[in-house]
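Taking it in order: structure first as structure tokens, then the write-up.
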Amino acid sequence: MVRAILSHPMTVPATPAGLDEFTPAWLNDALEDSGILGGARIAEARAELVAVDRGIGGTVARIRLGYEGAAAGAPASIIAKLPSAIELTRGGGRFLRLPEREVRFYRALADRVPTRTPACYYAAIDDEGDAFVLLIEDLGALPSGDDVQGATREQAERVIDAIATQHAAWWRSPGLGALDWMPAIDEHARMWQRMFATAWREHRDDLGDLVPPDLAPLGEAMTRHLGTAVTRLGELPRTLLHGDLRLDNLFFPDDPPGGVVAVDWSNASRGPGPYDVAYFMCVAFDPAGRREHEQALLRRYVDALAAAGVEGVTFEECFDTYRLSFCEPFTRMFFLLMRGHADKGTDRPSTVLSRFVRNAGQAAVDLGALRLIGD
């Protein structure tokens, strides 16, 4: 059975399994209650894959729409998101409840976070938490970030300001306890340690340029202490994390100036705010750029929390959380890369995961993350 989140479940057929199932009839039913059609009727729908080399969590398509007669205000196109075409990734997403998290985010939270998100017109998921569909605003006209290219200092400041505002709004919020569908950052800490340890031991003798020799001791230590590191993160003051705060998931509108628009909320979780900052820094800058900018950006983050009313948070506390946080993307992205989750027929996904591994690992070593867990 399909649970239609933003429409009447009895009026909409089953979730499309492929792009050819986004017919005018299906779309008219799905979008009827959203109000975006303004009474117009879709007569033509043409779906095409987009962003096929970005991300690994789902299939994304742009649906170009044609209407019967006048359709003032109705969108010329929308974006559809479906499950990943990679069965391994789809199964992992189902286990981690990634589709459910994103559908529920748009149902329950999108209008309760300060971070700008795309308008969601329809969201549905099956009872197994597997087959799902999102129909959201097409942001293709906005300047977008690029994980491979990295960020400018101005872009990084915009991201820091936006995520600090979000974190402040949910800092130690009692409302976090009601989000039982959204896991805490440490929910699968020991599982990730076991999976990383297996992948690391299988590949540590043939790492090539992925993990330079000076980072190898970090990998060895994480086979023993990753669970401790992530559990430590779970014990810190919690807020609402984006969880996948990287440039490929961010848009930088020119009008109004400043701010960002964030997409892909499937990794939303409850955890310490500086984790999002560290995760972003993994792709925003190479190690030299990170060393140059991180102190100023983290101070900007702490100042923004204070300006938003968060009391008692010091730079030193945030810095310790920030440096410990790099252990998690270093290990998780290594596992995903080694297990083939980036296999989408292009080099870009593996390039991005490799960038995560090297940059997060170098940051953890530079900043002495292991000293925080006694190794």
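Details
- Helix 273-284 vs. the chain, principal-axis angle (Cα, 0 to 90°, nearest 10): 90 degrees
- Each listed q (0.11 Å⁻¹) maps to a log10 I(q)/I(0) for the chain, found by the Debye formula over equal Cα scatterers with no solvent: -0.77.
- Here Asp20 sits with roughly 130 square angstrom of accessible surface, probe radius 1.4 Å.
- Virtual spin-label span in nm between Val148 and Ala85, 7 Å along Cα→Cβ: 1.8 nm
- Calculated FRET efficiency, Asp255 to Glu220, Cβ-Cβ distance, R0 = 51 Å: about 0.55 to the nearest 0.05.
- Diffusion coefficient, µm² s⁻¹, Stokes-Einstein with Kirkwood Rh over alpha-carbon pairs of region 235-309 at 37 °C and 0.692 mPa s: 241 µm²/s
- Residue-averaged [θ]222 nm for the chain, counting only DSSP H segments that reach four residues, each worth -39500 (n - 2.57): -13000 deg cm²/dmol
- Two-decimal Rg/Rh across region 91-160, once Rg and the Kirkwood Rh are taken from alpha-carbon atoms: 1.05
- In plain terms, the chain from Glu292 to Arg201 could stretch by 29.4 nm, reckoned as 0.36 nm per residue minus the Cα-Cα distance.
- Alpha-carbon centroid distance for the pair region 282-350 / region 215-234, whole angstrom: 16 Å
- Using C-alpha pairs under 8 Å with a sequence gap of at least 6, the mean separation divided by the residue count of the chain gives a relative contact order of 18 percent.
- Potential extension, Ala25-Ala72 segment - 0.36 nm per residue separation minus Cα distance: 14.9 nm
- The chain, dipole about Cα centre (Lys/Arg Cβ +1, Asp/Glu Cβ -1), debye to the nearest 20: 560 debye
- Using alpha-carbon coordinates, inclination of helix 327-338 to the longest axis of the chain, degrees: 60 degrees
- Selected from Tyr67, Tyr121, Tyr279 as most flexible by GNM, with the chain as the system and alpha-carbon contacts under 10 Å: Tyr67
- Degrees between helix 287-307 axis and first principal axis of the chain (Cα, 0 to 90, nearest 10): 70 degrees
- Between Arg339 and Phe315, the contour length at 0.36 nm per residue exceeds the Cα-Cα span by 4.9 nm.
The values are calculated or read from the model by the stated rules, or taken from the named source; none is laboratory data. None of these values were measured; they are calculated from a predicted model. Every residue, glycine among them, receives a Cβ derived from its backbone with ideal geometry; neighbour counts consider all protein chains shown. Side chains included, ligands, DNA and RNA excluded: accessible areas come from the protein's heavy atoms. Shrake-Rupley method; radii C 1.70, N 1.55, O 1.52, S 1.80 Å.
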